[in-house]
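Input: a single structure, listed below in structure tokens.
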């Protein structure tokens, strides 16, 4: 039985090395990128059992992704390979920590062909949490139907559904994005949006009012990510701001939100109080910003405990 099952596309990431701008770069580093696998890796490093559902090409890039994810201790038994479609790619320019530009080459990728027939109901039934994002349904109509069916199956089997909107404006129209993301909120138990996504969906800029909109659509818990400021937690019975962990310099913010989700789910699996789970989420997100790469900064248990212990001691001295 898995602690968490997630579904989504992972791609090969190329980042310029010899120059931060692709037009001048002669060499690139190769790595793995994908919101869902970032969360899966974060959870696996913290000692949890995680399964990943996806599709990859039979090309070398697909083999690389499969081997990398498997090497992190994640169950990839439900990942299918398709010889007729390629593995997706994207390029990431880190011009500076406030100016990171991403170019996707994922149209027609193997992951975009995922369909309801690729879903094993028993696999979903035998997990504690189903984690989904708003990226996967934007890939294709079949991917949309697949994610919605997974969420419905999870609720049918009383599996907790955790949804991170993870808005990707380049993938679909604003009208379609709003309709689908709102639908996904209604099928979720826990929603973890950023403040930008709350504004996109409900035209709210204040966390308290934005949280009310999410709760009104049926979820039980909403946690609004506020970047370095921390997060705002709200349920029907409680609400609280949980401060973030300060960092001296952000090296690479990509993956911080996914680290937040991994830290939060880890706390829930360890059955610590909800506010403490959010605090852990803030810590993991902060640690991810300190290392280049989409997931490289995600900590193991010892690294996380040491980071939080050091930060708590700093706060006491202040």
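The values are calculated or read from the model by the stated rules, or taken from the named source; none is laboratory data. Because the structure is predicted, anything quoted here is derived from the model rather than measured. Every residue, glycine among them, receives a Cβ derived from its backbone with ideal geometry; neighbour counts consider all protein chains shown.
Tabulated data
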| quantity | calculated |
| --- | --- |
| When residues of segment 191-213 are limited to those that are in a loop (DSSP other than H, G, I, E, B) and touching a strand residue (DSSP E or B) at 6+ places or on another chain (Cβ under 9 Å), the one farthest from residue 281 (Cα to Cα) | 193 |
| Some residue of segment 72-88 being part of a helix (DSSP H, G or I), over 19 Å from the mean Cα position of the chain (by Cα) and surrounded by fewer than 24 Cβ atoms within 10 Å (Cβ to Cβ) | no |
| Residue within segment 234-251 that is touching a residue at least 40 places away in the same chain (Cβ under 8 Å), surrounded by fewer than 22 Cβ atoms within 10 Å (Cβ to Cβ) and closer than 23 Å to residue 161 by Cα present | yes |
| Residues that are touching a strand residue (DSSP E or B) at 6+ places or on another chain (Cβ under 7 Å) and assigned to a helix (DSSP H, G or I), drawn from segment 223-237 | none |
| Odd one out for residue 306, checked against (1) out of contact with any helix residue (DSSP H, G or I) (no Cβ under 9 Å at 6 or more places or on another chain); (2) exposed (fewer than 13 other Cβ atoms within 10 Å of the Cβ); (3) part of a loop (DSSP other than H, G, I, E, B) | (3) |
| Residue within segment 194-206 that is closer than 21 Å to residue 40 by Cα, surrounded by fewer than 23 Cβ atoms within 10 Å (Cβ to Cβ) and in contact (Cβ under 8 Å) with a residue 12 or more places away in the chain present | yes |
| Selection count where residues are part of a helix (DSSP H, G or I) and farther than 20 Å from residue 109 by Cβ, scope segment 157-169 | 0 |
| Output for segment 89-134, where each listed residue is at pLDDT below 95, in a loop (DSSP other than H, G, I, E, B) and closer than 23 Å to residue 253 by Cα | 97, 98, 106 |
| Condition met for residue 298 (assigned to a loop (DSSP other than H, G, I, E, B) and crowded, with 22+ Cβ neighbours inside 10 Å) | yes |
| Failed item, numbered, when residue 53 is tested on (1) closer than 23 Å to residue 103 by Cα; (2) part of a strand (DSSP E or B) | (1) |
| Some residue of segment 36-44 being modelled with pLDDT of 95 or more and either over 22 Å from residue 254 (Cα atoms) or surrounded by fewer than 19 Cβ atoms within 10 Å (Cβ to Cβ) (or both) | no |
| Which numbered condition residue 293 fails, given (1) part of a helix (DSSP H, G or I); (2) under 17 Å from the mean Cα position of the chain (by Cα) | (1) |
| Residues of segment 135-156 that turn out to be farther than 19 Å from residue 257 by Cβ and assigned to a helix (DSSP H, G or I), as a count | 15 |
